[in-house]
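The numbers here are math on the coordinates, done by the rules we state, and not lab data. In this text the structure is predicted, and so the values were computed from the model without any measurement. Cβ sites come from the backbone with ideal geometry, for glycine too, and all protein chains shown count toward neighbours.
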Amino acid sequence: FSNFEEANWVFCNTYDELEDEVMQGHINPMLQFAKRLASKGLKVTFLTTKPMQSPSTSISIQIIEFPEGEQANGTEEFAHLFKTLVSERLTNLIDRLNSSSSDPPKALVYDSFLPWALDVAKQCGLHGASFFTQSWSNSSIYYHLNQGTLKVPLEENAVVSLPSMPVLGINDLPSFVSDTGSYPSLLKMVVDRFSNFQEADWLFCNTFKELEHEVINCMASKWPIKTVGPTIPSMYLDKRIKDDNDYGLHLFKPDSELCIKWLDSKETDSVVYVSFGSLAGLTEEQMLELSLGLKRSNRYFLWVVREAEQSKIPSNFIEETSEKGLVVSWCPQLDVLAHRAVGCFMTHCGWNSTLEALSLGVPMIAMPQWTDQPTNAKFVADVWQGGIRVSKDEKGVVTKEEVEWCIREIMEGERSLEIRKNSEKWKNLAKEAVDEGGSSDKNIEEFVAKLLCN
Ligand code: UDP
């Protein structure tokens, strides 16, 4: 960067959609939540920076665009610019809705990563509700950092005990916490979610009470935490519902027909589904070990390798395994997880993927990469017991032998049956939580009733 301003062009080997992907795990749960509010009689205005179509006539989409020429250097400057611009536009939008609509807005639900939105809500006389897209267990770790009850940096082999949480080793903590030097501005962002949360009227979380009841009960006695998840379209949780098939935004085009046709041709519980979500990148060495492990397992596999990662697939691997495997750049994950042929999910444990697998009863092989994933993996393996977690070698690599062993263990090993039973249990509990009268449904009903009677 010493003289890059003088260059006429700065080219980068990436593409816009890839750099936008960080929103996938945020925008979809919030959009599903908006759909649920709309289905209960509220009018919803959904504010986003991403052009998109409304999934329902009760949801109006408002897009905030950055004016041409606005530039930011680095995450913090961008966050500041974003806050200034969006606060102003949000205030204008609320003013406009107040003056022109017969239903003036009553509440602002904002992504917890944007805590300053609460100031806008209060200034405009609205209720404010922060929406947490990660598990409450993860969020509570950042809460303790904010409160000073957990201090970083931690020692190399630290063990952390927090109220109503299992004892967490250093590798069970979010990567921003176990390695505070790695992404300091992201750590600041996740901790800052708690800078003013006491003033919010509601704290919504995309989880369900039964899944995280201890940590939720512990904090819900002090703060208005309300579980509203899993925010998965009802048709996936209940096969009888046919009319709600819009998941939200797909930032990549899924190869739906190919994936489902391929799965249709396979026996029940025979396929290993492998995906590391929209952001994580594996090293070349890890890709090699993973592909060799999949080959050694001799199982059918459906592997999502995003376009940006495909150059790391060992040469000839796709041809050599074409009888056993299908590699695609993106798939309709909910349809895949709901398919009878899928026997397990090898996942990076992003919160959406974890919640989707639990809610659809698919046993997991947890292979966390960064951010909240190590904590999710700890819960999957040790608390919810809906899967197993890979071990890494001394270089931090999951070897081909380990991949092969994990697949055998989860598909047919000693604990396979027990894990399958647990997965089925979580699936039923997830469905109950969002069904009429369930724990998440009641929380949403209460919120709606409060707004309608105000
Ligand atoms: N997803 C998908 N197709 C794929 C891979 C992922 O639709 O091939 C979806 C998946 O269902 C989930 C989201 O992308 O809703 C990924 O979110 P998650 O929190 O699991 O991980 P992230 O991408 O944020 O790391």
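Give me the percent relative contact order of the range 286-403, please, defined on Cα pairs under 8 angstrom at least 6 residues apart.
27
Is there a quick way to get the dipole size of the chain? I mean about its Cα centre, with the Cβ of Lys and Arg at +1 and of Asp and Glu at -1; what is the value in debye to the nearest 20? All intermediate terms of the calculation are to be shown ahead of the outcome.
Values: 43 positive and 64 negative charges, 291 e Å.
Rounded to the nearest 20 debye, it is 1400 debye.
May I ask you to order 344-354, 226-236, 159-169 by the average number of other C-beta atoms within 10 Å around their residues, highest value first?
Sorting 344-354, 226-236, 159-169 by mean packing, highest first, produces 344-354, 226-236, 159-169.
Run the dipole for the range 33-110 about the Cα centre, Lys and Arg Cβ at +1, Asp and Glu Cβ at -1, nothing else charged, and hand back the magnitude in debye, nearest 20.
Taking the Cα centre of the range 33-110 as origin, the dipole is about 640 debye.
Only four residue types carry charge here, +1 at the Cβ of Lys and Arg and -1 at the Cβ of Asp and Glu. Report the dipole size of the range 397-453 about the Cα centre in Debye, rounded to the nearest 20.
For the range 397-453, the charge dipole is close to 80 debye.
What percent do you get for the relative contact order of the chain when only Cα pairs under 8 Å and 6+ apart count?
RCO, the chain: 15 percent.
Using a 10 Å cut-off around each Cβ, can you sort 30, 367 from fewest to most neighbouring Cβ atoms?
Listed from fewest to most nearby Cβ atoms, that is 30, 367.
Exposure proxy check: 60, 265 ranked by fewest other beta carbons within 10 Å?
Sorted ascending by nearby Cβ count, the order is 265, 60.
With the dipole of the chain worked out from charges on the C-beta (+1 for Lys and Arg, -1 for Asp and Glu) around the Cα centre, which of 41, 326, 198 lies farthest toward the positive end?
Result: 41.
Short version: ³J(HN,Hα) in whole Hz for each residue of the range 103-111, in order, from phi by Karplus 6.51 cos²θ - 1.76 cosθ + 1.60 (θ = phi - 60°), x for Gly and Pro, what are they?
Those phi angles translate into 10, x, x, 10, 9, 10, 9, 10, 4 Hz.
If you take every DSSP beta bridge whose two residues both sit in the chain, what share of them, in percent to the nearest 5, is antiparallel?
In the chain, DSSP labels about 5 percent of beta bridges as antiparallel.
So how do 317, 194 line up by other beta-carbon neighbours within 10 Å, fewest first?
Taking fewest neighbouring Cβ atoms as first place, the list is 317, 194.
Expressed as a rounded percentage, what relative contact order does the range 143-222 have, with Cα pairs under 8 Å and six or more residues apart?
Reported relative contact order: 28 percent.
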